[in-house]
Each structure stands twice: as C-alpha cells, then as structure tokens.
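K.L.:
I have a structure here, written as structure tokens, and I will follow up with some questions on it.
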Amino acid sequence: MITSKTISNGIIRALTTTVFVCLILFIFYKIQSVLIYLIVSLILTLIGNPILDFFKKRLKFNHIFATIATLFIFILIIFGFIMMFVPLILSQGQNLSLLNTVEIEKNILQLMNQITVFLDNHQIDSAQVLKEANFTSKINFNIIPNFLNTIVGTISSFGMGLGSVLFITFFFLKDRLLFIVGAKKLIPDSHEDQILNSLEKINNLLSRYFIGLLLQLFIVFLLYFIVLIIFGVPNAIVIAFLCAILNIIPYIGPLIASFLAAILTMMSNLGSDFQSETLPTTIYILIGFWIVQIIDNNLSQPIIFSKSVSSHPLEIFLVILIAGFLFGVLGMIVAVPLYTIIKVIGKEFFPENKIIQLLTKDI
C-alpha cells in the first residue's frame, strides 16, 4: 500500500538524485578544460602505444626510454606544425595589425562586383538580384577582427594546454600497467575477464583507428597541397593543412574544405581579371579537391578505416550517417570510435546474440 511517507521518500530521493546529477554536471562544466586535456592525452596514448611497443620490442629500449622517445616524436610533430604556420604569421603580421573592417568590406565588394560583371556578360542580370538582396548590409564585418582576437587568445593558452597534455600523456604511457592493475581492483570478480578482454580489444582497435585517421589525413593533406601548388595558390601548405583537418568531420568536412579553398583562392586573386584568371583557377581548384575526395572516399578511407576497426565500409557509412542525424557534427566525429567500443563490449557480454555475432565476426 502506497502511503504518504512512501511518496515523500520517493520525492526526496528523486530530488537528491537530481541535485547530485546537476552538481556533477556543474563540476564537469567548471573543469571542462581538464577533461579536454584528459581526452586528448588518452587519444595520444592510444596512438603512442604501438610506437612505444616498437621501441621496446624492435629497438630494445627499456620502458622509460621508450616512453621518452615516443613523447619526443609527438613533440617533433607538434613543433613541425607550429613552424609550418610561423612563416605565414610573420608575413601577415603587419597586415593583421592594420586590419580594419572597411578594408575587408572593400575586398568583399570588389569580389562581388567582379562576379556581377562576369554574370552580366553572360546575360544573367545578377546585379539587380544582389542589390535587392542587399547582401553586404547583412554581413557583420566586425566578426573578422573578433575572430582573430579569439585566435590570439587561443594561442596564448596553447602553451599551458600543450604542456599539460604532454605531461599527462607521459604518465599514461609510462604507468599504463599500473593503471591496469588499479582497474583490476575496482572490477567485480564476476566480470573481471570480460571487462579486461574488452579493454584490451578496445585499446588495440582504437589505437589502430587513430593511427589510420592520421594516415588518411596525411594522404588528403598531400593531395590537397599538390592541387594548390599546381595552380600557384599562395600559402598552399597552410590551406591544405586546414582543409585536411576539416576532413575529421565525415562528409560535411570536405564540402566546407572545398568552399574554404574556393574563397581563399578568389580572395588571393582579387587584382586579377575575374573571367580569365580568378574564375578558371577557382574552378580548377574545386575540381581538384573533388577528385581528391573521390580518391579518399573510394580508396584510402574505406581501406584504412575498415581495416583499423574491423568493420565493413558500408557499416561505417551507416553508423556515421545515423550519428549525424541524431547528434549532429559531434556525433559524426565520435561515431566510429564509440561504435567500436559498443561492438567490443557486445561481443564480450552477449556472445550468443545473432546480430552481435554478425557484426563482430572480424573482431
């Protein structure tokens, strides 16, 4: 029989649980930077584990020296990325310091006027359409300096974040066996073997996945760079790197990268004739980027990802598509790692399920 005391106790428990959950979420919000450092360090650890094992097994390094060597490789790669951007920052520093919204608006209007003249020459009355749309009045040109100020702020905090990530990564690599031993003490004895097997498989698969992702991004970067160099686009290496990074976002990222490359190409050729130089170069760049995407989508990406996480390319496509519809861009980025984790756990805890057997036959 339900009494008033039972109802009141239930309400109190519900309120207590709600307050506790809100408190936990508030704490997570306050320490979000630390959580990001931990996640980045964990990803670097997954990437670094095979490198660490290579130093230990093939080069016979002891564990400490192998850890230091692995971290040193990460530092060299990060330093290389930084040095790649330094010439651009130095060459554009004066321009950025003198940046004003009037100049930006002038450049945008110049580009739009060139487009209008080109379309008018082809019997398309675009000038009237652009005037009616009043496109430039809807653009907040102050967003450019604000965006640059945000970048400066990010760079200023980059040093502390980088130091924190490398410090955490060092101990993740160095004391991984210690962490495993500590985890064993927290795992219930009845499920110890299943959980430990799951963790080992997840570690191996995700290590392969992130290494495969780096390889795929490097291939795309190299192909983008070749396309931009062929057509003489300034700062080709930086543009190629930014566009390659956008490929982390499946399917949508490459479209944004193509749009970004087209805009930067047109902006870098403002002084040239639009019909004979700017437009053809932009079209060639877009065609080149689309060819790169065809190569990536049909060759490098399916092979690398399907091999790294032991999943069929169609399976990966559907998982990313569903995650995108449910959770947006962030869902698309984390879809494959999260799906891999779910598959491994499903195989360990529900091995008799027919669907899980079908999906995990290669794990």
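K.L.:
Can you list residue pairs whose Cβ atoms sit under 6 Å apart, with the first residue in the range 187-208 being in a loop (DSSP other than H, G, I, E, B) and the second being surrounded by 13 or more Cβ atoms within 10 Å (Cβ to Cβ)? Count only pairs 6 or more apart in sequence or on different chains.
P.N.:
Ile187/Ile195
K.L.:
Only one residue in Ile252, Ile304, Ile322 is farther than 27 Å from Asn113 by Cβ, surrounded by fewer than 16 Cβ atoms within 10 Å (Cβ to Cβ) and in contact (Cβ under 8 Å) with a residue 60 or more places away in the chain, so which one is that? Steps first, answer last, please.
P.N.:
Details: Ile304 fails: surrounded by fewer than 16 Cβ atoms within 10 Å (Cβ to Cβ); Ile322 fails: in contact (Cβ under 8 Å) with a residue 60 or more places away in the chain.
After ruling out the rest, the residue left standing is Ile252.
K.L.:
Follow-up question, since we're still on this one. Please state which one of Ile294, Ile345 is β-branched (Val, Ile, Thr), over 18 Å from the mean Cα position of the chain (by Cα) and surrounded by fewer than 14 Cβ atoms within 10 Å (Cβ to Cβ). Break it down stepwise before answering.
P.N.:
Numbers: Ile345 fails: surrounded by fewer than 14 Cβ atoms within 10 Å (Cβ to Cβ).
Just one listed residue meets the conditions, Ile294.
K.L.:
A follow-up question, please. Filter the range 302-356 for residues that are of a type in the set (Asp, Glu) and over 24 Å from Val220 (Cβ atoms) and give the result. Before you say what the answer is, go through the steps one by one.
P.N.:
Just the residues of the range 302-356 that are of a type in the set (Asp, Glu), to begin with: 315, 348, 352.
Glu348, Glu352 - these are the residues of the range 302-356 that are of a type in the set (Asp, Glu) and over 24 Å from Val220 (Cβ atoms).
K.L.:
Now for a different question. Does Tyr339 satisfy being without any contact (Cβ under 8 Å) to a residue 40 or more places away in the chain and not hydrophobic (A, V, I, L, M, F, W, C)? Outline the logic, then answer.
P.N.:
Values: without any contact (Cβ under 8 Å) to a residue 40 or more places away in the chain: yes; not hydrophobic (A, V, I, L, M, F, W, C): yes.
For Tyr339, the condition - without any contact (Cβ under 8 Å) to a residue 40 or more places away in the chain and not hydrophobic (A, V, I, L, M, F, W, C) - is met.
K.L.:
So Tyr339 passes all but one of these: (1) assigned to a helix (DSSP H, G or I); (2) of a type in the set (Ser, Thr, Tyr); (3) modelled with pLDDT under 80. Which condition number does it fail?
P.N.:
Here Tyr339 clears every test but (3).
K.L.:
Six or more apart or on different chains, Cβ atoms under 9 Å: show the pairs whose first residue is in the range 350-363 and closer than 17 Å to Tyr339 by Cα and open to solvent by 100 Å² or more (accessible area, probe 1.4 Å) and whose second is at pLDDT 80 or above and not acidic (Asp, Glu).
P.N.:
Phe350/Ile356; Ile355/Gly346
K.L.:
Only residues in the range 21-42 that are over 20 Å from Leu162 (Cα atoms) count as the first member; pair them with residues that are at pLDDT 85 or above and among the acidic types (Asp, Glu), Cβ under 8 angstrom, at least 6 apart or cross-chain, and list the lot.
P.N.:
none
K.L.:
Working only within the range 230-269, note down all residues that are in a loop (DSSP other than H, G, I, E, B) and of a type outside the set (A, V, I, L, M).
P.N.:
Step one: of the range 230-269, the residues in a loop (DSSP other than H, G, I, E, B) are 231-235, 247-251, 268-269.
Residues satisfying the conditions are Phe231, Gly232, Pro234, Asn235, Asn247, Pro250, Tyr251, Ser268, Asn269.
K.L.:
Here's a follow-up. Given the conditions (1) open to solvent by less than 60 Å² (accessible area, probe 1.4 Å); (2) among the charged types (D, E, K, R); (3) over 29 Å from Ile211 (Cβ atoms), report the number of the one that Asp53 does not fulfil.
P.N.:
Only one criterion is unmet by Asp53, namely (3).
K.L.:
On the given criteria, is Leu199 out of contact with any helix residue (DSSP H, G or I) (no Cβ under 7 Å at 6 or more places or on another chain) and open to solvent by less than 40 Å² (accessible area, probe 1.4 Å)?
P.N.:
Judged against the criteria, Leu199 is not a match.
K.L.:
Now a separate question. Out of all the residues in the range 180-239, which are more than 21 Å from Val40 (Cα to Cα) and aromatic (Phe, Trp, Tyr)?
P.N.:
Correct list: Phe221, Tyr224, Phe225, Phe231.
K.L.:
Can you tell me which residue among Phe167, Phe172 is open to solvent by 70 Å² or more (accessible area, probe 1.4 Å) and either closer than 17 Å to Ile39 by Cα or in contact with an Asp or Glu (Cβ under 6 Å, 6 or more places away or on another chain) (or both)?
P.N.:
Numbers: Phe172 fails: open to solvent by 70 Å² or more (accessible area, probe 1.4 Å).
Of Phe167, Phe172, the one residue that is open to solvent by 70 Å² or more (accessible area, probe 1.4 Å) and either closer than 17 Å to Ile39 by Cα or in contact with an Asp or Glu (Cβ under 6 Å, 6 or more places away or on another chain) (or both) is Phe167.
The values are calculated or read from the model by the stated rules, or taken from the named source; none is laboratory data. Every value quoted in this text rests on a predicted model; they were computed, and no experiment measured them. Cβ coordinates were reconstructed from backbone atoms using ideal geometry, including for glycine residues, and neighbour counts include every protein chain displayed. SASA here: full protein model, heavy atoms, side chains in, ligands and nucleic acids out. Shrake-Rupley method; radii C 1.70, N 1.55, O 1.52, S 1.80 Å.
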